[in-house]
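Shown next, in structure tokens, is the structure this report addresses.
The values are calculated or read from the model by the stated rules, or taken from the named source; none is laboratory data. Bear in mind the structure is a predicted one, so any value in this text is a computation, not a measurement. Glycine gets a Cβ as well: all are built from the backbone with ideal geometry, and neighbour counts include every protein chain shown. Ligands, DNA and RNA are excluded from the accessible area calculation, which covers all protein heavy atoms including side chains. Shrake-Rupley method; radii C 1.70, N 1.55, O 1.52, S 1.80 Å.
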Amino acid sequence: MIAAFTAWTEPTPWLARTYGTVDRPVVGRLSRLLKRTGLAPEVRSRLLTSYANELVGEDDPTAMAAAREALDLATDPRLRAAALQVLTRGPGTEEYARELVEIGVEHDLPVYCVTGLLDQAAHAAAANDPATMRRLIGEALGFARTYRMPEAIGVAEIALATLVLIEGRFADARRLYIEATERLERTGSVHAAGFLRLVRAAIWLNEGTLGDHLDDVRALHEALGPMVADLLELALHAAGRSDEARTSPSPIRHDFFFTFLTSLRAMAIVALNDRDAAAEIYADLLPHREGPPAGAESLSLAARPVAHTLGELALLLGRDDEAAAHFAQAAAIADQWNAPRWSADARIHADLALGVHVSPPQER
């Protein structure tokens, strides 16, 4: 059993399991194995990393505790890199990502170089630094192509497609996403099919055509469940069927999709004019008011800046001055990301919140 759980030593750039799932029997077996005494440090380190990988992204503090212990026990660069890769997925861990790249370069472990560079790109996105994000993704893609790592190539290409989506070039983004996910599918990725359907819906949301694809969004909801419940409510509202829409009661995971999914929830709340729910979700999103376009830190999809959604929530709550400030901030963030559609929309909303007359856009 120990040999089986320590046999796989190569990392994957995305989760090695279906999003939002935990194989509890496997976690239980690993827990029992880790209770054994007398394990060699390198064996225990591998078991701890395997355990952490089964739980990373879940609301379980034992995952990061296991990764930290694995790091302390690591007896060679590969073991240290395996533990660091888990730790980079926690909050405030940019130094781990830098060390991961250093280990990859020094010890000729290109797969960890790619992983570390992508982690650094995610930190750059969270810090509203799209130029650095683009550069790091380009470096990761270069490594992945040089060493012929098809899954890593696909993940880096998806990250670049996300920048195209943010810029409002929807046709180009759609094409790039399809090409990249087809590459992932050929590698046997468990994420490819479901992700492509999700990102198509994200494109419809951003281009304002979600209501035209209600049947597709219903099918997506049947496949992915509560994760996309709010997307379905938005599609129903956009299709003129608000009487069927209900705010989702399901909790939102605090992971790399948190700002994206919470923004969807907030948009649905605004669409349904639910003031009671608006106050609660406003508090959830407020710590992210200076952040990037919602979801950009996932390097996979995005929606308008969180600040814009906060502005709409503030308007619903009757806080016009706060709303205007949020919209102004959203416009500035959109400018940083070369997102002229979002920037123009936020400035119009800021003026409206302040009671400034706004002329309709001229036809071209």
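Brief remarks on what is shown
- Selection of region 211-225 for residues being surrounded by 15 or more Cβ atoms within 10 Å (Cβ to Cβ) and either over 20 Å from W342 (Cβ atoms) or within 20 Å of the chain's Cα centre (by Cα) (or both) yields H213, L214, D216, V217, L220, H221, L224.
- Here the helices (runs of 4 or more DSSP H) wholly within region 177-295 that include at least 2 residues being closer than 30 Å to L87 by Cβ and of a type outside the set (F, W, Y) are 192-207, 258-271, 275-285.
- Yes/no for R246 being over 24 Å from V56 (Cα atoms), at pLDDT 95 or above, among the charged types (D, E, K, R) and open to solvent by 20 Å² or more (accessible area, probe 1.4 Å): no
- Tally of residues being closer than 13 Å to R289 by Cβ and touching a Gly at 6+ places or on another chain (Cβ under 9 Å) across region 305-345: 12
- Flag for T132 being within 26 Å of Y19 (Cβ to Cβ) and either free of Cβ contacts under 8 Å to residues at least 40 places away in the same chain or surrounded by 19 or more Cβ atoms within 10 Å (Cβ to Cβ) (or both): no
- Tallying residues that are more than 17 Å from the chain's Cα centre (by Cα) and open to solvent by 50 Å² or more (accessible area, probe 1.4 Å) within region 288-319 yields 3.
- Residue within region 325-333 that is of a type in the set (V, I, T), assigned to a helix (DSSP H, G or I) and in contact with a strand residue (DSSP E or B) (Cβ under 9 Å, 6 or more places away or on another chain) present: yes
- Considering region 140-154, the residues that are more than 10 Å from V114 (Cα to Cα) and buried (at least 20 other Cβ atoms within 10 Å of the Cβ) include one that is nearest to the chain's Cα centre (by Cα), namely G154.
- Residues of region 166-196 that are closer than 22 Å to N206 by Cα and among the aliphatic types (A, V, I, L, M): I166, A171, A173, L176, I178, A180, A192, A193, L196.
- Put simply, of V86, V56, V22 the only residue that is under 20 Å from the mean Cα position of the chain (by Cα), open to solvent by less than 30 Å² (accessible area, probe 1.4 Å) and modelled with pLDDT under 90 is V56.
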